[in-house]
Each structure stands twice: as structure tokens, then as C-alpha cells.
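A.B. asks: Before anything else, here's the structure in question.
The values are calculated or read from the model by the stated rules, or taken from the named source; none is laboratory data. The shown structure was predicted, so the numbers you read here are calculated from the model rather than taken from an experiment. Heads up, the Cβs are rebuilt from the backbone with ideal geometry, glycines too, and the neighbour counts pull from every protein chain shown. We work out accessible area using only protein heavy atoms, side chains counted, and drop any ligands, DNA or RNA first. Shrake-Rupley method; radii C 1.70, N 1.55, O 1.52, S 1.80 Å.
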Amino acid sequence: MREWKEIIWILSVFVCSVRSSPCNSKIYDGAFKNLVCVCNATSCDEIEPIGEIGDGKAVVYRSTLDGDRLKRMSMKMGQKLGKDEVVNVTISIDASERFQQIFGFGGAFTDSAGEQLFAVSEKVQEQIINAYFGENGLEYNVGRVPIASCDFSTHEYSYDDVGEDFELKHFGLAEEDLKLKKTKGKLQLFASPWSAPGWMKTTGRMRGGGAMRNDKRVYEAYANYFIKFFEAYSSHSIPFWGLTIQNEPSTGADMTWRWQTMNYTAETMRDFLKDYLGPKLKGNKLTESLKVMILDDGRGLLPGWADTIFNDTESTKYADGIAVHWYGNLYSPAVLLDITQRHHPDKFIFGTEACAGYAIHHGPIMGDWFTAENYASDIISDLNHHFIGWTDWNLILDEKGGPTWVNNFVDAPIIVNHTANEFYKQPMFYSLGHFSKFLPRGSTRVFTKVDGNLAVSAVSVVIEGGQRATVILSKSSNSLLTRVVDSATGYSLVLTLPPRSIHTIIWNKRK
Ligand SMILES: *[C@@H]1O[C@H](CO)[C@@H](O)[C@H](O)[C@H]1NC(C)=O
Ligand SMILES: *[C@@H]1O[C@H](CO)[C@@H](O)[C@H](O)[C@H]1NC(C)=O
Ligand SMILES: *[C@@H]1O[C@H](CO)[C@@H](O)[C@H](O)[C@H]1NC(C)=O
Ligand SMILES: *[C@@H]1O[C@H](CO)[C@@H](O)[C@H](O)[C@H]1NC(C)=O
Ligand SMILES: *[C@@H]1O[C@H](CO)[C@@H](O)[C@H](O)[C@H]1NC(C)=O
């Protein structure tokens, strides 16, 4: 049983018990403190609810290299510093300078993640679902669903592998998609294809680069293939919020690419959207309001890719946003996102894929704090450069970082141990939680400035009702005395950031 999506139903039916169990830690060998939290059928750490924020108080959640994992604390606002005390860092938040609205955070329902989920007992499955989607878990509200197979599948398949079937008479969801159940509530799904069925490509197979055959019947059939996907899921009561046109289209230019991909340039994506996919989606009641995202690839391709599609008065009508992956960020500055946003202020920018363990080290590093830092650092930067949300890659993988039919092993926030029927929450699980749990959908990012130490970064939102939330990452190896100032009200908080730590601070606007 490796069908993943059946589990989505649990999201609508399970009931959370309100208890908060501490992390059951396991420490691995490493130069630093490589700590994971172990969960099994009967025991799993949960996050203490925010609860009442008393007058003049703030609620603080802290994770550290040293071993805190979303540990809740209550602190007093407005404390005075001692006579000779000088803060190391000042973080100023200006709630009057408002930017994008937050849409959400989540991960990907890949075939591999599904296989791992079903490899453990039902009780453990529930713990995993609870950890990600439950009230005392990360409260993920976004999910990515691959349209057919990708590198994190056990084999190559599309939903219609019968050659020259232009009418898609043989279309059908795969075994991997079956046993679907209802999804309800705040989880919003978007879908992404890695490749059209092989017979629609010049190369005859999904694996490796190459474009769609330049044949009207193929373009037409592939546009219908998307519609059929959404219809099939809808028939199992799973609605979608959006889609990307193609996962990492730039890799499709590489004929030797090791897994499923398909070649588009910005121009060919624009033309397929404008002439085939866009009109088809708009012409169908079920799909007319889906959010269509272009790119789904590294930000190094911006702003050019967006300009090509959105400066065309026809194709721009059919797209709502830009999907961005984090790979290659080291070589392409975040200012590219600002330029893109300035060119196209009516389109949103959304993070649709990131993972650790894909370069140099392939696979999980158990308990590695530095991947948690990389996640937090990237999310803070992305949100400060207009992202409306951030989507992680595989929700769950095995101890090797698979299964992956092309041995493209990577890391994931939850690693399952079949032998022990237990799973491990990696530090990056908590790193994601500092955002997913406390920056709710509909909150608005506001101006945040960090002075005093380059190893500190921060992002802030205001939540409906005036509540504020700030996430602070310190990569410093020293403790830093820090003042957080709400400059609109003069309200401030003084706290010490322990070495290598992530904090989320939530407080109410001063009356
Ligand atoms: C689950 O973990 C808890 C805490 O370590 C332990 O007490 C319990 O025996 C474990 N249960 C199983 C079924 O392994
Ligand atoms: C923090 O500030 C104190 C007081 O100015 C100073 O002694 C200390 O070196 C600072 N720490 C760091 C890491 O900059
Ligand atoms: C990718 O598409 C572009 C535009 O059609 C084309 O110039 C290029 O040769 C294609 N590359 C491959 C490998 O198909
Ligand atoms: C696309 O439009 C934007 C905003 O109108 C403009 O700044 C940019 O130069 C245009 N790019 C191209 C390639 O036409
Ligand atoms: C998985 O469980 C087995 C059996 O308890 C243990 O030997 C192994 O080290 C565990 N794997 C990890 C990554 O902790």
C-alpha cells in the first residue's frame, strides 16, 4: 500500500488531544549537537498552544542548536535595561509599512512520501499527519501534488501511457493516486507536472530533456490532460487551489537529465499557456478559478521569464503568479524578486520547492541544525522579498532519503524508520514550524529592520486584530542581547538570543 492521498481524509476527521509532550530526543554522532525528536505509536512531542497572551506580555517560541524545539515561554514587554546594559541587536518593526499577504506553508505529497507513510503502523501514520497538519503540530495549510510521476516515485508513469491517444481515452489516475478521500478545511493544494506522457514528447519518454512534439494534436491533448487530472481528483472530492505549468522547465533543455522533465523556454511556455492551456482552464467550470503559476524554477531566471509571459497582453490573462524554487539561490540575489515584483505588482510570488541534502551530501543528515538554519534563513529572506508562502519538498522520506527511482536521495523534515516503526523530526521540521504555525494565512508582512549583527535576520507580520509576530534567526555563536521594538507603538521587548537559535515572538498591539 503506497497510496498517499488516501490519508488526506484524516485531516478532516481526526481529533487532536490537547496535551503537550516534550521532545523525546535522540542524539547522533556529529561535530555539533545532532538532535532529533523521536515519535512512535504512543508518544510524540506536540507544540504547546499560544493560549492567552496576558496584558503587557509576549509569547515566545524558541528552538536552538542546544536542543530546544519550539519551546514556549512567556515574557514581559517593556522591560528596562540595566544601567550599563547595551543591547547587541535592535530589531525594529514598522507595522504601518505593509507588503504582501501570507498565503501559507507546506510540503509535497510525493509518491515516495506516501510510500513511507504507509510503511509504518496506522497509529504512527496518525502521529505523522498530526505532526504536520494537526492543531498541536505545524498546521501546514499548503500541499503540492505531482501530476503523475517524478524523481520521488518508484517508477516512470503518466496518466495515459497509450501512444497517440490524442483523445485521452485511456486516461486514468495511477495506483499511487487511488483511495482518495475528502480534504476539507484550510489545506490548499496545487499540482505540478514533471513531464507530459512520453509519447507526447519528441524523445518518446518522460525521462530526460526534450520538448513536446510540435503538433497541434499534442498541444491540445496535453492541455486536456491537465483538465482530466483535476476532474479525476474532483471525482474523489479533492479540490485544488492552483497549478504550475511545468516543474523546473530549464532542466528540460538537458537531454541527459536523469529523471522526468520537459523543455520549455519562457517563450514556449507563454505560447502553450496562451494558445492551449489557458483557454482550456478558463473554459471549464471546475478549473476556471485555479491559480496558474509560471516558472516553477530558480529565481535566476527572473525577471526575464515573468516579463516574457506577463508583458504579452494575451498570455498574462491566464496566469496569476510566479512559482520559485530555492536551488541556485547562492548565485542569484534576492533583489531579482524585488525587480520582478516591481515589474508585475499584480502577480504573486510563491515558493514551491526547497529541500536539503541534494548537493555534496546526498540524503539526510540526522539531527543537523544547519539545515534548519538554511531553511529559516531562506524563508525570512523570501518573505522579505515578496513571497506569499513557502513549500517544502517531500513531507516524509526513509532513512536513506528515498525511495527515488533515480537515486536522487535528499533530506526531509520527517524521516521514517521502518525497522523501529518510529519516525524522527529533524531540526528543519521545527524551523518550518516557526513560520507555518505562527504566520497565518491572511496576515500581512510588514517592514522589519535588524541592526547590530549580520548573523541575525528577521521577518514580521501583523495578524488580523493587530497581533504581531516576528521570527528571528541568529546564526551567531554568541548570545546576543536583543531589543525588539514595535515602532508604531513604542512597545518593546528585551530578550537574549542564545547561540544559533530561532525565535518566534507573538504579542498584542498596545491598546
Ligand atoms: C514510544 O516511546 C516512548 C518514549 O520513549 C516509550 O516509552 C514507549 O515504550 C515507546 N512505545 C513503543 C510502542 O515503542
Ligand atoms: C554584546 O554587547 C556587549 C556589551 O556591549 C559586548 O560586551 C559583547 O561583546 C557583545 N556581544 C557580541 C557577540 O557582539
Ligand atoms: C528547448 O526548447 C527551445 C525552444 O523551443 C529550443 O530552442 C531548444 O533546442 C530545446 N532544447 C531541447 C533539448 O529540446
Ligand atoms: C516588461 O514590462 C515591465 C513592466 O511593465 C518592464 O519594466 C520590462 O522592461 C518589460 N520587459 C520586457 C522584456 O519587455
Ligand atoms: C532505526 O532503527 C533501528 C532499530 O532500532 C536502529 O538500529 C537504527 O539506528 C535506526 N535508524 C536511525 C536513523 O536512527
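A.B. asks: So, with a 1.4 angstrom probe, what is the percent of accessible area on the chain that is carbon and sulfur? Walk me through the numbers before you get to the answer.
C.D. replies: Numbers: 9640 of 19430 Å².
Summing carbon and sulfur atoms, their accessible area is 50 percent of the total for the chain.
A.B. asks: Counting only DSSP beta bridges with both residues in the range 103-436, tell me the antiparallel percent, nearest 5. Working shown, then result.
C.D. replies: On the way: 6 of 40 bridges.
If I count the DSSP bridges inside the range 103-436, around 15 percent turn out antiparallel.
A.B. asks: Once the principal axes of the Cα atoms of the range 177-306 are found, what is the range along each, listed largest first in whole angstroms?
C.D. replies: Result for the range 177-306: principal-axis Cα extents of 40, 33, 28 Å.
A.B. asks: Would you calculate the volume per residue, in Å³, of the smallest convex hull containing every Cα atom of the range 103-436? Please list the in-between numbers first.
C.D. replies: On the way: hull volume 41.7 nm³, N = 334.
Convex hull of Cα atoms, per residue: 125 Å³.
A.B. asks: Sticking with this one: Tell me, in nm to one decimal, what length is gained between residue 331 and residue 43 on full extension, where the rule is 0.36 nm per residue of separation less the Cα-Cα distance?
C.D. replies: Numbers: separation 288, 0.36 × 288 = 103.68 nm, distance 4.25 nm.
My answer for the length gained is 99.4 nm.
A.B. asks: Protein chains only, probe 1.4 Å: how do 360, 396 rank by accessible area, largest first?
C.D. replies: Working: 360 175, 396 0 Å².
Sorted descending by solvent-accessible area, the residues read 360, 396.
A.B. asks: Heavy atoms only, 1.4 Å probe, whole protein assembly: order 29, 111 by accessible area, highest first. Provide the component values of the computation, followed by the final result.
C.D. replies: Values: 29 155, 111 15 Å².
These residues rank, largest area first, as 29, 111.
A.B. asks: Now for a separate question. Accessible area per residue, 1.4 Å probe, Å², for the chain: what's the number?
C.D. replies: Ligands and nucleic acids excluded, the figure is 38 Å² per residue.
A.B. asks: Could I ask something else about it? Could you work out the Kirkwood radius for the range 115-230, taking every pair of different alpha carbons, averaging 1/r and inverting it, reported in Å? Walk me through the numbers on the way to the answer.
C.D. replies: Working: mean 1/r = 0.0617 Å⁻¹.
So the Kirkwood estimate lands at 16.2 Å.
A.B. asks: Find which of 495, 332, 113 sits farthest along the positive direction of the dipole of the chain, computed with +1 on the beta-carbon of Lys and Arg, -1 on that of Asp and Glu, about the Cα centre.
C.D. replies: 495
A.B. asks: In debye, nearest 20, what is the charge dipole magnitude of the chain about its Cα centre with +1 on Lys and Arg Cβ and -1 on Asp and Glu Cβ, if you could check? It would help to have the intermediate numbers written out before the result.
C.D. replies: Values: 53 positive and 60 negative charges, 306 e Å.
Dipole magnitude for the chain comes out near 1460 debye.
A.B. asks: Next question. Got the relative contact order for the chain handy, in percent, Cα pairs under 8 Å and 6 or more residues apart? Don't jump to the answer; show the numbers that get you there.
C.D. replies: Values: 1231 pairs, mean separation 112.7, N = 511.
It comes to 22 percent, rounded to a whole number.
A.B. asks: Still on this structure, I have one more. So if each residue of separation counts as 0.36 nm, and I subtract the Cα-Cα distance between residue 97 and residue 286, what length gain in nm does that give?
C.D. replies: Difference between extended and current length: 64.3 nm.
A.B. asks: Would you be so kind as to identify all helices of the chain, as entire DSSP H runs, whose Cα atoms reach 20 Å or more along the helix's own axis and whose mean Kyte-Doolittle hydropathy is at least -1.0?
C.D. replies: On the way: long enough: 216-235 (28 Å, -0.36); 369-384 (23 Å, -0.18).
Correct list, ordered by number: 216-235, 369-384.
A.B. asks: Let me ask something else about it. Using the basic label-point model (7 angstrom from Cα toward the beta carbon), what is the residue 121 to residue 420 distance in nanometres?
C.D. replies: 1.6
A.B. asks: Here's another thing I want to ask about it. Helix-only estimate, please: 222 nm mean residue ellipticity of the chain, summing -39500 (n - 2.57) across DSSP H runs of length 4 or more and dividing by its residues, to the nearest 500. Numbers along the way, then the final one.
C.D. replies: Details: 10 runs with 97 residues, N = 511.
Dividing the helical sum by the residues of the chain leaves -5500 deg cm²/dmol.
A.B. asks: Next up: Could you please put 398, 84, 392 in sequence from largest to smallest accessible area, using a 1.4 Å probe? Mind dumping the intermediate values first?
C.D. replies: Values: 398 30, 84 145, 392 5 Å².
Descending order: 84, 398, 392.
A.B. asks: Using only the Cα atoms, what convex hull volume per residue in Å³ does the range 365-437 have? Let's see the in-between values first.
C.D. replies: Details: hull volume 7.1 nm³, N = 73.
Looking at the range 365-437, the number lands at 97 Å³ per residue.
A.B. asks: Shifting gears a bit: With the dipole of the chain worked out from charges on the C-beta (+1 for Lys and Arg, -1 for Asp and Glu) around the Cα centre, which of 293, 268, 193 lies farthest toward the positive end?
C.D. replies: 293
A.B. asks: Does the range 51-203 classify as rounded, prolate or oblate by the C-alpha gyration tensor (a ≥ b ≥ c root eigenvalues; a/c under 1.5 gives rounded; else a/b over b/c gives prolate, otherwise oblate)?
C.D. replies: On the way: a/c = 3.13, a/b = 2.36, b/c = 1.33.
Note, shape of the range 51-203 comes out prolate.
A.B. asks: Shifting gears a bit: Working out 0.36 nm times the residue gap between residue 174 and residue 464, then minus their Cα-Cα distance, what length gain in nm do you get to one decimal?
C.D. replies: Residue separation times 0.36 nm, minus the Cα-Cα distance, leaves 100.2 nm.
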